[in-house]
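The values are calculated or read from the model by the stated rules, or taken from the named source; none is laboratory data. Quick caveat, the model's predicted, so the values are computed rather than measured. Heads up, the Cβs are rebuilt from the backbone with ideal geometry, glycines too, and the neighbour counts pull from every protein chain shown. Only protein heavy atoms, including side chains, enter the accessible area calculation; ligands, DNA and RNA are left aside. Shrake-Rupley method; radii C 1.70, N 1.55, O 1.52, S 1.80 Å.
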Amino acid sequence: MRIGLFCSGGDAPGMNACIRAVVRAAVTGGHEVVGIRRGYQGLLEEDFHRNAQGQPRMTLRCVSNILQRGGTILHTSRCPTMLQEEGQRRAAEVLQRHGIDALIPIGGDGTIRGAMALSRFYAGRIVSCPGTIDNDLCGTDATIGFYTAVSTAVEAMDKVRDTAESHERLFLIEVMGRHSGYIALYSALAGGAEIACIPETPTDIPAIVEQLIAMKARGKTSVLMMVAEGDELGGAYDIQRLLEQNGCPYGTRVVVLGHLQRGGCPVPEDRLLALQLGSYAVECLEQGHSGCMVGVRNGRPVRVPWEEAIAQHHLVPPELVRLLEAMAR
Ligand code: F6P
């Protein structure tokens, strides 16, 4: 098989580990891997990764020493052209012309939507890997990059807590997650934040202010509030303004972590996930599967139909929302 491999959408720590797993599993299995640079955009522009001999074929050595590196050696992009039929037809034509008979895209929901559209015109098989810090795809316990993003947020929270405590302030820390509260909720729990504003639950400002007044009365001198960028009331600055207008009893400051969360060495959980998923994607193609994403459920690799993976945003576990409330004393 000649397998095309690319990353698309926002980068995520562990994408390189996934690339390595795909290449090593495929080459060992007697297949050829064509690395496509810059996602769907690079595919349309026929921008292929070249090995040390200058050939558009990824060798075992092309992926040496990348397991621990953040970002993606194949680069990535967002590609509006793939939203149109003309772009989808052109991408299929490029794949066919280069004899690429299967594809492994690594990315989030936009990447899956692109693959679904492409598969209307492309005769080859496509099996995608979930690579996004957002952890918003259904059917997998986690997406590649999520654990590292949480770890980065928690590291920042520990530092913010020091200054929050010294000045007896409330800090609103904004984390990524366009439609998802996963990073906000998990980091809130792991970093000891008192409150998480997430799109999955209503953010009730008067109720939060009441909770803050009660905390202050119990002698709590500092508060960390995690805010998912996709919260229905807006980002951390919007919520800060609303808190102040509603009588927040603490002085407030905002920290926006932004793209920091997308960089850095992947933590071991993301590396293991990426290795497992990358090699399983190759196995799925070998077995003739297509039109699905690979995921991990209860430690075991699974195939998830694309429709199911993106049918809704992966909902945060309600028991963890309750756990956070119980811990915020
Ligand atoms: O999809 C991952 C993500 O990091 C989201 O959490 C965030 O909203 C978005 O990408 C930011 O994208 P960009 O880097 O294109 O601004």
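Test of understanding: among ARG241, ARG322, ARG303, ARG218, which residue is modelled with pLDDT of 95 or more, within 18 Å of GLY108 (Cα to Cα) and open to solvent by 50 Å² or more (accessible area, probe 1.4 Å)?
On inspection, the qualifying residue turns out to be ARG303.
Restricting to region 254-274, count the residues that are more than 16 Å from the ligand (Cβ to nearest atom) and open to solvent by 50 Å² or more (accessible area, probe 1.4 Å).
Residues that pass the stated criteria total 5.
Which condition number in (1) away from the ligand (no atom under 16 Å from the Cβ); (2) in a helix (DSSP H, G or I) is the one that ILE104 fails?
All conditions pass for ILE104, except number (2).
Six or more apart or on different chains, Cβ atoms under 7 Å: show the pairs whose first residue is in region 287-313 and touching a residue at least 12 places away in the same chain (Cβ under 8 Å) and aromatic (Phe, Trp, Tyr) and whose second is in a strand (DSSP E or B) and surrounded by 15 or more Cβ atoms within 10 Å (Cβ to Cβ).
Filtered contacts from region 287-313: TRP306/CYS292; TRP306/MET293.
Name the residues in region 178-198 that are part of a helix (DSSP H, G or I), away from the ligand (no atom under 15 Å from the Cβ) and of a type outside the set (A, V, I, L, M, F, W, C), would you?
Correct list: GLY191 only.
If I filter region 163-177 for residues that are at pLDDT below 95, within 15 Å of the ligand (Cβ to nearest atom), under 24 Å from LEU323 (Cβ atoms) and not assigned by TED's automatic domain parsing to the domain that holds ALA17, do I get at least one hit?
yes
Only one of GLY87, GLY99, GLY139 is away from the ligand (no atom under 14 Å from the Cβ), in contact with a strand residue (DSSP E or B) (Cβ under 9 Å, 6 or more places away or on another chain) and over 23 Å from ARG57 (Cβ atoms); which?
Just a single option satisfies the conditions, and that option is GLY139.
Need the failing condition index for TYR122 against (1) surrounded by 20 or more Cβ atoms within 10 Å (Cβ to Cβ); (2) of a type in the set (Ser, Thr, Tyr); (3) in contact (Cβ under 8 Å) with a residue 40 or more places away in the chain, just the number.
(3)
Assess whether ARG20 counts as being open to solvent by 30 Å² or more (accessible area, probe 1.4 Å) and assigned to a loop (DSSP other than H, G, I, E, B).
On the way: open to solvent by 30 Å² or more (accessible area, probe 1.4 Å): yes; assigned to a loop (DSSP other than H, G, I, E, B): no.
When the stated conditions are applied, ARG20 does not pass them.
Being of a type outside the set (A, V, I, L, M, F, W, C) and open to solvent by 10 Å² or more (accessible area, probe 1.4 Å) is the filter; apply it to region 23-39 and report the residue that is nearest to GLY263 (Cα to Cα).
ARG38
Being open to solvent by 60 Å² or more (accessible area, probe 1.4 Å), more than 22 Å from MET15 (Cβ to Cβ) and aromatic (Phe, Trp, Tyr): is that true of TYR250 here?
Judged against the criteria, TYR250 is not a match.
Taking region 96-119 only, how many residues are open to solvent by 30 Å² or more (accessible area, probe 1.4 Å) and small (Gly, Ala, Ser)?
Residues meeting the conditions: 3.
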